[in-house]
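Heads up: the structure comes next, in structure tokens.
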Amino acid sequence: MTATLRPYLNAVRATLQAALCLENFSSQVVERHNKPEVEVRSSKELLLQPVIISRNEKEKVLIEGSINSVRVSIAVKQADEIEKILCHKFMRFMMMRAENFFILRRKPVEGYDISFLITNFHTEQMYKHKLVDFVIHFMEEIDKEISEMKLSVNARARIVAEEFLKNVSGTLYVKLVFI
């Protein structure tokens, strides 16, 4: 792991641990409803200040907290067009399977690539430190996955280009011989 990634992940970990002090809180507007306040935004007094932790201008995490939920939005590093396409396709693949990941949102917050929603019910059913570990592990692995996919695409493109050039040069040679 690089020297700049460790402090970034430590800051995200510490902020998530502080933000995950959630409790069951029914709606103040509708009786017997318990909606994530970070999504509904019905009462300003129940929302915490959003925190943005940024490694650079392209890589950042937005942590929005409330009394009964936390929304974590992640912007993944995308250096070029290939990485943008791969990131978009990979995130779309993940979000289509959001029901398998209990805390994954189907639609990310605008300006971010992927979002997680952790409610008080999640923290009651699962260990808080494991939820934090999952988010941190996801952040560590997503860069590796996209880099591996990019290498695979480049290797495949090189093989296809070589085969194409073999066929093109072979046809040119045949045409030149018969002329």
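The values are calculated or read from the model by the stated rules, or taken from the named source; none is laboratory data. On a predicted model such as this, the values are computed, not experimentally measured, just so you know. Using ideal geometry, Cβ is built from the backbone for each residue, glycine included, and neighbour counts are taken over all protein chains shown.
No other residue among Arg106, Arg71 is modelled with pLDDT of 95 or more and basic (Lys, Arg) apart from Arg71.
Using the structure shown, decide if Ser69 is of a type in the set (S, T, N, Q), crowded, with 17+ Cβ neighbours inside 10 Å and touching a Phe, Trp or Tyr at 6+ places or on another chain (Cβ under 8 Å). Spelling it out, it is not the case that Ser69 is of a type in the set (S, T, N, Q), crowded, with 17+ Cβ neighbours inside 10 Å and touching a Phe, Trp or Tyr at 6+ places or on another chain (Cβ under 8 Å).
Pairing residues of segment 120-132 that are crowded, with 18+ Cβ neighbours inside 10 Å with residues that are of a type in the set (Phe, Trp, Tyr), at Cβ distances under 8 Å and at least 6 apart in sequence or on separate chains, gives Asn120/Phe25; His122/Phe102. The set of residues from segment 133-153 being touching a residue at least 24 places away in the same chain (Cβ under 8 Å) and either among the polar types (S, T, N, Q) or in contact with a Gly (Cβ under 8 Å, 6 or more places away or on another chain) (or both) is empty.
Restricting attention to segment 3-40, and to residues there that are closer than 29 Å to His137 by Cβ and among the charged types (D, E, K, R), which single residue is nearest to the chain's Cα centre (by Cα)? For segment 3-40, the residue satisfying everything is Arg13. Among the residues of segment 48-78 satisfying the criterion of being closer than 15 Å to Glu110 by Cα and assigned to a loop (DSSP other than H, G, I, E, B), which is nearest to the chain's Cα centre (by Cα)? This residue is Val76. Suppose we keep only residues that are loosely packed, with under 12 Cβ neighbours inside 10 Å and either at positive phi or outside any helix (DSSP H, G or I) (or both) within segment 1-23. Which one would you say is modelled with the lowest pLDDT? Top of the filtered list is Met1. Look at Glu81 and say whether it is of a type in the set (Asp, Glu), surrounded by fewer than 17 Cβ atoms within 10 Å (Cβ to Cβ), out of contact with any Asp or Glu (no Cβ under 7 Å at 6 or more places or on another chain) and within 30 Å of Asn154 (Cβ to Cβ). Considered against the rule, which asks whether it is of a type in the set (Asp, Glu), surrounded by fewer than 17 Cβ atoms within 10 Å (Cβ to Cβ), out of contact with any Asp or Glu (no Cβ under 7 Å at 6 or more places or on another chain) and within 30 Å of Asn154 (Cβ to Cβ), Glu81 comes out as yes.
Give the residue, chosen from Glu45, Glu39, that is farther than 22 Å from Met149 by Cα, without any contact (Cβ under 8 Å) to a residue 12 or more places away in the chain, charged (D, E, K, R) and assigned to a helix (DSSP H, G or I). It is Glu45.
For Glu64, are the conditions met, namely being of a type in the set (Asp, Glu) and touching a Ser or Thr at 6+ places or on another chain (Cβ under 6 Å)? No, not satisfied.
Looking across segment 113-144, just one residue is within 12 Å of the chain's Cα centre (by Cα), closer than 13 Å to Leu20 by Cα and in a helix (DSSP H, G or I), and that is Val135.
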